[in-house]
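The structure appears right after this line, and notes come after that.
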Amino acid sequence: MANEQNAKPKLGFTIIKNDPTDGHKGFGIGSLSLENISPVIIDVEAGTAQVEMGAMHARSDTERGIKFTTNREDSEGGKPYWLVWVTIDYREEGPYYAGVTACEMVVNREKRRGYKILADHVNRMDKSMKRNIIVDIMDDRSKAILADFLKNHNAELWERSKPELHEGLRTE
């Protein structure tokens, strides 16, 4: 087909593990390592939280098959979700939850429409990687779900985390 010859090559997003310059001197120099960041999706109505690695590329099970817009009305009547970027870092005492940032998302499966601001999701991922805690925008129920998830996932990571995270997820 003539169209195949004229098609531009597609460049995919590459996640580089460990030291991007380890073993070679060209491709990957200056790239960020996303090795210690995980996307956690909170289903507010179901009261659940789970790691969905597909969210790294906006392809989680929750997002699949949904056309997202920045207009809330498009997804009216949909389910509320939070995409939470969790970054783990290491210090002398051991690993800890270093960056935790939340982004809003609404999914209406019936309409196959959703609401999210992609730029906000990308910026929050960046803020998490820079060891920021941004959970103040979450409702109390979602904060409690996230706090329980982080504690149950690894109580030691939770204990070593910054007081800012504990205070941010306190719901009393």
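The values are calculated or read from the model by the stated rules, or taken from the named source; none is laboratory data. None of these values were measured; they are calculated from a predicted model. Here the Cβ is made from the backbone with ideal geometry for all residues, glycine too, and neighbour counts use every protein chain on show. What goes into the accessible areas is simple: the full protein's heavy atoms, side chains included, and nothing from ligands, DNA or RNA. Shrake-Rupley method; radii C 1.70, N 1.55, O 1.52, S 1.80 Å.
Data table
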| read-out | value |
| --- | --- |
| Average accessible area per residue (Å²) across the stretch 63-136 - probe 1.4 Å, nucleic acids and ligands excluded | 53 Å² |
| Percent carbon-and-sulfur accessible area, the stretch 28-122, ignoring ligands, DNA and RNA, probe 1.4 Å | 47 percent |
| Heavy-atom accessible area order for 129, 53, 138, largest first, 1.4 Å probe | 53, 129, 138 |
| P(r) histogram, all alpha-carbon pairs of the stretch 63-172 included - 10 Å bins from 0, percent | 15, 41, 30, 13, 2 |
| Size of the stretch 72-131 as Cα extents on the principal axes (Å, biggest first) | 49, 18, 11 |
| Distance (nanometres) between label positions extended 7 Å along Cα→Cβ at residue 170 and residue 108 | 3.9 nm |
